[in-house]
Amino acid sequence: KRREGREHRYALFNPAMHARALADMEMERDLRRALERDEFVLQYQPIVRLDTGRVKGFEALVRWQHPEHGLVPPDRFIPLAEETLLILDLSRFVLAEACRQAVAWAAHFAEPPVVSVNLSGRQFISSQIADEVSDLSAQYGCPPSLINLEITESAILADKDMALAGMQALHARGFKLSMDDFGTGYSSLSYIHQFPFDYIKIDRSFINSLTEDVRTEAIVTAILRLAETLDKQVIAEGIETPEQHATLKRLGCGGGQGYLFSRPVDAPSALRLFQDAPWWDSANQ
Ligand code: C2E
Ligand code: MG
Ligand code: MG
Ligand code: MG
């Protein structure tokens with residue numbers, strides 16, 4: 001125990017760590033400023049019905065439109081935003097923007113696209129999450145049925161009871177819920193029936209090796225059967241090739257998302273994809 005303590009003190013003077021801490025502090029300051037200056041934007045990636053090829057919704061994905069570095073992907077700033085709790089402000093922006101967009105799109109269609117929004121585990125620190133989310137969506141006149149909230153297993157892990165309570169309350173208000181990156185964690189199987197998920201999103205690592213490894217096809221088949229038994233819908237993430245698409249269709253997977261259909265795009269392009277779908281069938285099959 002004492003030795004660990006000494007090593008820890010030593011580590012505080014490690015120059016590499018010092019540099020890292022400085023960089024984090026700078027980044028935190030930049031993130032804060034970016035929020036004030038409205039430098040965050042959403043892109044939308046279509047979620048497609050694999051049987052008909054229609055677009056049924058979009059996943060909203062945040063990017064930082066940096067004045068010097070261009071479009072910065074979320075993996076580069078979400079972790080620090082979560083550490084510093086700036087994620088709470090960022091999440092509010094993302095949800096507000098997604099609601100505004102969902103309502104704007106809904107004005108044009110009898111069956112409007114549903115917009116999926118990623119939640120951070122940090123948002124479940126407060127027991128008020130359901131109130132916060134539904135107050136914000138109400139502010140934009142956005143019915144909960146237009147919003148699908150995506151949660152990963154790691155987001156649940158931080159505080160399982162709090163997450164469960166928050167998600168039950170969100171579900172009761174009519175928001176759709178998805179388990180994101182399904183299969184990457186250790187407890188996916190036990191969470192899937194305890195939590196009120198409507199959708200399971202199979203992680204793209206499975207889709208990646210789907211057509212090269214028969215064992216992966218067996219796993220995906222098992223996930224599809226499990227989902228059917230538990231009455232959950234399935235979205236396959238990261239579909240990049242026509243072969244993966246064809247295999248998932250053959251296995252009876254309901255929905256899919258991936259570069260084969262489209263990369264995440266800005267809102268006007270997303271609207272065109274929605275209106276023109278299915279636009280890839282002739283090209284890829
Ligand atoms: P995610 O929620 O699993 O989102 C899917 C990610 O996979 C997106 O990356 C998307 O661009 C990427 N993707 C989609 N299709 C393909 C494909 O065919 N091949 C490959 N290789 N990748 C594909 P992105 O936009 O970089 O987001 C990464 C992660 O950052 C997201 O993973 C999510 O966990 C997080 N994130 C993004 N936006 C938000 C947000 O607004 N709030 C929070 N809390 N997290 C967010
Ligand atoms: Mg997601
Ligand atoms: Mg995912
Ligand atoms: Mg992910």
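Counted without the sites themselves, the longest stretch of the chain free of GluC sites (Glu not before Pro) in a DSSP loop having at most 11 other beta carbon atoms within 10 Å is 69-211.
Calculated accessible area for segment 63-107 comes out at 50 Å² per residue, all protein chains present (probe 1.4 Å; ligands, DNA, RNA ignored). Values of log10 I(q)/I(0) for segment 103-206 across q = 0.12, 0.14, 0.18, 0.24 Å⁻¹ run -0.40, -0.53, -0.84, -1.31, by the Debye formula with one identical scatterer at each alpha carbon and no solvent. Compared with the dominant Cα axis of the chain, that is its longest principal axis, helix 214-229 is turned about 80°. For segment 50-102, the calculated P(r), taken from all Cα-Cα distances in 10 Å bins from zero up to the bin holding the longest distance, is 20, 41, 26, 11, 1 percent.
To the nearest 10 degrees, how steep is helix 2-11 against the longest Cα principal axis of the chain, on a 0 to 90 scale? The angle comes out at about 80 degrees. Counted by Cβ distance under 12 Å from residue 79, the other residues give a net charge of -3, where Lys and Arg count +1 and Asp and Glu count -1. For the chain, what is the calculated [θ] at 222 nm in deg cm²/dmol (nearest 500), taking -39500 (n - 2.57) for each run of four or more DSSP H residues and dividing by its residue count? Mean residue ellipticity at 222 nm (helix-derived): -14500 deg cm²/dmol. Here segment 88-128 has 54 percent of its accessible surface on carbon and sulfur atoms, given a 1.4 Å probe and all protein chains in place.
Principal-axis analysis of the Cα atoms of the chain puts helix 15-36 at an angle of about 60° to the longest axis. Calculated on C-alpha atoms, the gyration radius of the chain divided by its Kirkwood radius gives an Rg/Rh of 1.00.
When a 1.4 Å probe is rolled over the protein heavy atoms, the share of accessible surface on segment 145-285 that falls to carbon and sulfur comes to 50 percent.
The loop-placed chymotrypsin sites (Phe, Trp or Tyr not before Pro) in segment 11-72, going by DSSP, that have at most 13 neighbouring Cβ atoms within 10 Å of their Cβ come out as 13.
If you count Lys pairs in the chain whose Cα atoms are under 18 Å apart, skipping same-chain pairs closer than 8 places in sequence, the total is 9.
The values are calculated or read from the model by the stated rules, or taken from the named source; none is laboratory data. Just so you know, these numbers come straight off a predicted model, no measurement behind them. Cβ sites come from the backbone with ideal geometry, for glycine too, and all protein chains shown count toward neighbours. We work out accessible area using only protein heavy atoms, side chains counted, and drop any ligands, DNA or RNA first. Shrake-Rupley method; radii C 1.70, N 1.55, O 1.52, S 1.80 Å.
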